[in-house]
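Written below as structure tokens is the structure these notes are about.
The values are calculated or read from the model by the stated rules, or taken from the named source; none is laboratory data. Note that the structure is a prediction, hence the values are computed from the model and not measured. Virtual Cβ from ideal backbone geometry, glycine too; neighbours counted across all protein chains shown. Heavy atoms of the whole protein, side chains included, go into the accessibility calculation; ligands, DNA and RNA do not. Shrake-Rupley method; radii C 1.70, N 1.55, O 1.52, S 1.80 Å.
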Amino acid sequence: ELAWTALDDPAGYSSPIAVTAAGVRQVVFLTGNSVVGVAPEDGKLFWRYPWVTPYGVNAATPLSFRAVLEGRPLDYVFVSSGYNKGCALLKLEADRAGGVRAKPVYTSNELCLHFSSPVRYRDHLYAVDETRGLTCIDLRTGKLSWRRPGFTQGSLLRVDDHLLVLGGTTGELALVEANPREYVKQASARPLRGRCWTMPVLADGKLYLRDEEKILCLDVRKR
């Protein structure tokens, strides 16, 4: 049964995330024109940050994380969209009325994510830009660390201190170091040939991949 409805925003494409930030449990959504935080119990709006993108395509999942500065925990949400929109880092803070406010730390055009979600490792973020390839940025400043052309419309996941990157149009699979200084590829293969827009999944040493025609399961355990 319907529990609640909230807002009248146009729909976004990305998945919501449940987080505790600024001392408040909330669900963060990218709608078609904003990023918002609402109460999971009743949909009450805690905060809103305008995020208007051409064609209303906000598809990459927001990234939430906590950092500690001088012993004080600080909560952030990173968002990015394609069509040359760019990205933003928002700091979530408690306000005097007991609510939450979102304050932009920076906005940047160094990373435009069409639908592939980013991954964080330490102080850097790795993602596949919609046209410019595999990209690493400094999460604190939004400045570019390095960029590697290719992997167009691809996706990636982090495995310990490495990245598994899947090219969305080529089917190339690469094992890359999560290295903020330079692009270092340690291995590659091309197990698929079709369009691969589905996120890779790793479970119990098995890597699951999918294109438009088939699903593969690869045994990637160390032998």
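Listed residues 23, 71, 99; which is in contact (Cβ under 8 Å) with a residue 40 or more places away in the chain, open to solvent by 30 Å² or more (accessible area, probe 1.4 Å) and not polar (S, T, N, Q)? First the steps, then the outcome.
Values: 71 fails: in contact (Cβ under 8 Å) with a residue 40 or more places away in the chain; 99 fails: open to solvent by 30 Å² or more (accessible area, probe 1.4 Å).
From the options 23, 71, 99, the qualifying one is 23.
For the stretch 157-213, name all the residues that are of a type in the set (Lys, Arg), exposed (fewer than 14 other Cβ atoms within 10 Å of the Cβ) and either in a strand (DSSP E or B) or out of contact with any Gly (no Cβ under 9 Å at 6 or more places or on another chain) (or both). Spell out the reasoning first.
So the first thing to find is which residues in the stretch 157-213 are of a type in the set (Lys, Arg), and the list is 158, 181, 185, 190, 193, 195, 206, 210.
Filter again for exposed (fewer than 14 other Cβ atoms within 10 Å of the Cβ), leaving 181, 185, 190, 193, 206.
Hits for the stretch 157-213 are 181, 185, 206.
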- [ ] Considering (1) within 26 Å of residue 59 (Cβ to Cβ); (2) touching a Gly at 6+ places or on another chain (Cβ under 9 Å), say which one residue 222 fails and leave the rest.
- [x] (1)
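With the structure loaded, tell me whether residue 30 is closer than 18 Å to residue 103 by Cα and aliphatic (A, V, I, L, M) or whether it fails that test.
On the way: closer than 18 Å to residue 103 by Cα: yes; aliphatic (A, V, I, L, M): yes.
So residue 30 fits the description; yes.
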TODO: Please enumerate the residues belonging to the stretch 75-91 that are open to solvent by less than 10 Å² (accessible area, probe 1.4 Å), part of a strand (DSSP E or B) and either at pLDDT below 95 or in contact with an Asp or Glu (Cβ under 8 Å, 6 or more places away or on another chain) (or both).
DONE: 86, 87
Open item on the list: Considering only residues that are part of a loop (DSSP other than H, G, I, E, B) and surrounded by 19 or more Cβ atoms within 10 Å (Cβ to Cβ), which ones fall in the stretch 119-136?
Closed with: 130
Task: Residues located in the stretch 35-65, provided they are crowded, with 17+ Cβ neighbours inside 10 Å, part of a loop (DSSP other than H, G, I, E, B) and without any contact (Cβ under 8 Å) to a residue 40 or more places away in the chain - done: 51, 53
TODO: Name, by its number, the condition in (1) within 12 Å of the chain's Cα centre (by Cα); (2) modelled with pLDDT of 95 or more that does not hold for residue 114.
DONE: (2)
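For the stretch 1-27, which residues satisfy the criterion of being more than 18 Å from residue 100 (Cα to Cα), more than 16 Å from the chain's Cα centre (by Cα) and either part of a strand (DSSP E or B) or not polar (S, T, N, Q) (or both)?
Let us first name the residues in the stretch 1-27 that are more than 18 Å from residue 100 (Cα to Cα), namely 1-5, 8-15.
Checking which are more than 16 Å from the chain's Cα centre (by Cα) leaves us with 1-5, 8-11.
1, 2, 3, 4, 8, 9, 10, 11, listed by residue number.
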Open item on the list: Would you confirm whether or not the stretch 106-119 contains a residue that is more than 25 Å from residue 197 (Cβ to Cβ), in contact with a Leu (Cβ under 9 Å, 6 or more places away or on another chain) and aliphatic (A, V, I, L, M)?
Closed with: no
Open item on the list: If I ask for residues that are open to solvent by 20 Å² or more (accessible area, probe 1.4 Å) and either among the aromatic types (Phe, Trp, Tyr) or in contact with a strand residue (DSSP E or B) (Cβ under 6 Å, 6 or more places away or on another chain) (or both), which ones from the stretch 105-118 would you list?
Closed with: 105, 106, 107, 108, 109, 110, 115
